[in-house]
Ligand SMILES: CC(C)(COP(=O)(O)OP(=O)(O)OC[C@H]1O[C@@H](n2cnc3c(N)ncnc32)[C@H](O)[C@@H]1OP(=O)(O)O)[C@@H](O)C(=O)NCCC(=O)NCCS
């Protein structure tokens, strides 16, 4: 049986490995990543798909953005399912859970960059993003949106910007330099 749950903090490493597998390391170069860099995902809107046998077979997160100057919205993605589990409805289950949770939490609209032939089944369309831009190169026909509240993106125009809370900086890894120089000094002193 497949379960969709909130992502657990300990799953971060497995999630990144799954994203590398599904989307390749070049995923980091995408303009949509610039809207996620250094930010925390939206509270309560990170999801994992798992089975009893496999701890993580699918991932989806949402992020705070502004769609133009005055339209609070969410950016959806990345969505990925482990290759051997595809075409069993897991991507759709993650999408439905994420969109219903976002609506319950009062969010008004969701944007994403992706294939319309896949995302139109969830109601996404390019009609709502005609006058929106991303902060970098993007394929206009792949910039899609869904209104959770009717009219939320009516006449939305301008730049899409990240508005999520900044993630705390990761502690710098020790280089060992201090320890080495200490050893050096001690040896010379003796
Ligand atoms: C896209 C993805 C998440 C779908 O996951 P999934 O669990 O296989 O999705 P579902 O089982 O809910 O849906 C499968 C259906 O979507 C279709 N589909 C999958 N990717 C598609 C795409 N890019 N365009 C159109 N249809 C697509 C499948 O052909 C299948 O069609 P069917 O229902 O007629 O058989 C998965 O293929 C994946 O991880 N792909 C690599 C990462 C990726 O491209 N992510 C999206 C970034 S835009």
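A few notes on this one:
- Taking 2, 90 and counting other C-beta atoms within 10 Å, the order from fewest to most: 2, 90
- Between helix 12-23 and the chain: long-axis angle, C-alpha atoms, 0 to 90°, nearest 10: 60 degrees
- Neighbour-count ranking [beta-carbon atoms within 10 angstrom, fewest first] of 81, 110, 160: 81, 160, 110
- The range 3-189: relative contact order in percent, alpha carbon pairs under 8 Å with at least 6 residues between: 23 percent
- Entry for the chain at q = 0.10 Å⁻¹: log10 I(q)/I(0) = -0.45, Debye formula applied to identical alpha-carbon scatterers, no solvent contribution.
- Span from the the range 94-162 Cα centroid across to the the range 62-80 one, whole angstrom: 7 Å
- Relative to the current alpha-carbon distance between residue 12 and residue 149, full extension at 0.36 nm per residue lengthens the span by 46.2 nm.
- The chain: most fluctuating residue of 144, 18, 105 per GNM, C-alpha cutoff 10 Å: 105
- The angle between the Cα long axis of helix 177-189 and the main principal axis of the chain comes to about 0°, on a 0 to 90 degree scale.
- Helix axis angle, 90-104 relative to the chain longest principal axis, alpha carbon, degrees: 80 degrees
- The chain: calculated mean residue ellipticity at 222 nm from DSSP helix runs of at least 4, using -39500 (n - 2.57): -7500 deg cm²/dmol
- Ranked 7, 165, criterion: other C-beta atoms within 10 Å, fewest first: 165, 7
No lab work stands behind these numbers, since they all come straight from the coordinates. Because the structure is predicted, anything quoted here is derived from the model rather than measured. For neighbour counting, all protein chains shown are included, and Cβ atoms are generated from backbone atoms with ideal geometry for every residue, glycine included.
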